[in-house]
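Bear in mind these aren't lab numbers, they're just calculated from the coordinates by the rules spelled out. Predicted, not measured: the structure shown is a model, and the values here were computed from it. Glycine gets a Cβ as well: all are built from the backbone with ideal geometry, and neighbour counts include every protein chain shown.
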Amino acid sequence: LKTINSIKYIIYNTHELTDFVKRFITLTNTNIISYENSTELETIIQKLKPEISSKEVIIFTKFKGRLFQVCPGSPKMICCNLRLVNTGFNCLYNCTYCYLQSYLNSYGIQLFSNMDDVYKELLLFLEGSDKKTIYRIGSGEFTDSLMIDEITGVGKRFIEITANHHNIMFELKTKSNQINHLLHIKNKGNTVLGWSVNTPFNIKHYESGSSDLTERLQAAQLAAESGYFISFHFDPIIIHDNYFDEYSKVIHEIFSYIPKGKIAWISLGTVRYPEQFLAVMKNNFVNEKISDEEFLPGMDGKLRYQWSVRAKIYNHIKKTIHAISPETYIYMCMEDLRMWEYVFGLSFESSEELEIHFSNSMKNFIKKI
Ligand code: SF4
C-alpha cells in the first residue's frame, strides 16, 4: 500500500499557509517547496515533471470551484443524488480505469489549502437540511478519502461536524486500510466507512498501489467493531475469466468479516468511460485488457458493456448478496430505468425517486441498530 512515505515533494503557496498546510510542511523525508504565485508554481511543476511522478507530489492550492454539490451523475441515468464535498483531486494509487487521467494538464495530488471553506459549506448545508430526510454525503469522488487522512485530519473533522446530525450519513470511501486514527473517535454519529471492492484479479491488475482485498476487509471489520457503519462499492465491475464466481467469492468474504446489520449499503457499477478516455487508458497502461471487451455507447454517451452483459452480472451479484442478507440495501450507479426494473423490479421515474427510496430505507436501517 502506498502511503504518505511515497510523497517526495510538497508544494505550497506562501500566502496560504493555513493550519491545514502546516500539518504537512513539518513532515521529514519530503522536499518542501513554496511558491508565491501561479507563474512560479508552473515553473516548479515543469522542472519536476520529467523526473517525478504526478503521484509523488502534493500541491496545495486554494480551491475556488464548487466545494459542495450534488453528484452530477450522468444524463438520462438514474443516480442516487449523493452529496459530494470536494477535498482534493487525484490520489496516491494508480488505477488503470481512473478517469482522472483524462485531465491531461493536471500534475500532482492537489489538496485544498482552504479546507475551512469546505467545512463552512458543509455546516451551511446541515443547517438548512430537511431533518426528515436522510442525506448521504461523501468525500471520495475525486480522490481517496483516507489515503493520508491520518495527516490531513479531514475525516475526523467531517465526523465531528456531522455526528450530531441524525439525518446525515457521511461516507469516507477508500481503497486503503488506513483507519486506525479514526477508531477511537467517541461520537461517530451515522458515519459510514466505505470500501471499493473488486476481485483479487482486478485489484492486482488494475488498482496499483492500493490495499489488497483482505487488508480492506480486515480494516472494515475493525471499523465495524469500533462502531462505524460500513459500505461496499463493487465499482467498477470488470469482466475477466471466471468473473461470476470470483465476484461471488468476494461477497462471501465480505459477509465472513462484517455482520450483516452493519452494512448500510452496497453499490454496483460496471466499468464505463467516455470514448475519448479509451486512448488515454491504452496509452498509460499498454498491457491493460479492460478495453478488449465489447463496449457500446449508452444514452449518456458513455461506453459500457452490452445491456444484457451488465444485467446478468448485476442480477448475479444482487442475488448472491440477498441470499445471504436479504435486507442489505443495494443500488446501481448510473444505470437506466430498464435496468432498475429488470434487476430490482423497481420503476423509478427520476433520480429523486431513488433518493427518496434510499432515504426511507436508511431511516429503517438506522432505527434497527
Ligand atoms: S483510487 Fe480513485 S482517485 Fe485514486 S487512482 Fe483509483 S480511481 Fe483514481
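The alpha-carbon of LYS186 sits under 27 angstrom from the alpha-carbons of these lysines, leaving out residues fewer than 8 places away in its chain: LYS22, LYS120, LYS131, LYS132, LYS156, LYS173, LYS175, LYS260, LYS262, LYS363, LYS367, LYS368. Run the paramagnetic zone check for LEU27: 7 angstrom along Cα to Cβ, then residues of the range 62-94 with backbone nitrogen under 11 Å. Answer for the range 62-94: 92.
Compute the angle between helix 307-324 and the longest alpha-carbon principal axis of the chain, please, reported from 0 to 90 degrees and rounded to the nearest 10. On a 0 to 90 degree scale, this one is about 80. The residue list ILE109, LEU48, LEU183 was ranked by how far each Cα lies along the charge dipole of the chain toward its positive end, using unit charges on Cβ atoms, and LEU183 comes out on top.
Once you reduce the range 294-317 and the range 331-369 to the center of their Cα atoms, the two points are 19 Å from each other.
Ignoring everything except DSSP H segments at least 4 long, calculate the 222 nm mean residue ellipticity for the chain; use -39,500 (n - 2.57) per segment, divide by total residues, nearest 500.
Values: 13 runs with 138 residues, N = 369.
Using -39500 (n - 2.57) per qualifying helix, the result is -11000 deg cm²/dmol.
From the Cα gyration tensor of the range 151-286, with a ≥ b ≥ c the square roots of its eigenvalues, which class applies: rounded if a/c is under 1.5, or else prolate if a/b is larger than b/c, or else oblate? The shape class here is prolate.
Suppose we keep just the DSSP beta bridges with both residues in the chain; what percent of those would be antiparallel, to 5?
Of the beta bridges lying entirely in the chain, close to 25 percent run antiparallel.
Straightening the chain between LEU337 and ILE324 buys 2.1 nm, computed as 0.36 nm per residue apart minus the Cα-Cα spacing. Cysteines in the chain that lack a partner Cβ within the 4.7 Å cut-off: CYS71, CYS79, CYS80, CYS91, CYS333. 3J(HN,Hα) along the range 148-164: 9, 5, 5, 9, 5, x, 5, x, 4, 5, 4, 5, 4, 5, 9, 4, 8 Hz, from the Karplus curve 6.51 cos²θ - 1.76 cosθ + 1.60 with θ = phi - 60°, whole Hz, x for Gly and Pro. Residues in the range 106-122 carry Karplus couplings, in order, of 7, 9, x, 8, 8, 10, 9, 5, 9, 4, 4, 5, 5, 4, 4, 4, 5 Hz; the curve used is 6.51 cos²θ - 1.76 cosθ + 1.60 with θ = phi - 60°, and Gly or Pro positions show x.
Mean projected area of the convex hull spanned by the Cα atoms of the range 211-369, taken over all viewing directions: 10.3 nm². In a fully extended conformation the segment linking GLN69 and LEU1 would gain 21.4 nm over its present Cα-Cα distance, using 0.36 nm per residue. Classify the range 206-258 as rounded, prolate or oblate from the Cα gyration tensor: take a ≥ b ≥ c as the square roots of its eigenvalues, call it rounded if a/c is under 1.5, otherwise prolate when a/b beats b/c and oblate if not. Because a/c hits 1.5 or more and a/b exceeds b/c, the range 206-258 counts as prolate. Scalar couplings 3J(HN,Hα) for the range 330-340, obtained by applying the Karplus form with A = 6.51, B = -1.76, C = 1.60 to θ = phi - 60°, are 10, 9, 10, 9, 6, 10, 8, 4, 5, 5, 4 Hz; x denotes Gly and Pro.
Compute the long axis of helix 243-257 from its Cα atoms, compare it with the longest principal axis of the Cα atoms of the chain, and write down the angle in degrees, 0 to 90, nearest 10. So the inclination is approximately 80 degrees.
In the chain, one over the average inverse separation of all distinct C-alpha pairs is 21.4 Å, which is the Kirkwood hydrodynamic radius.
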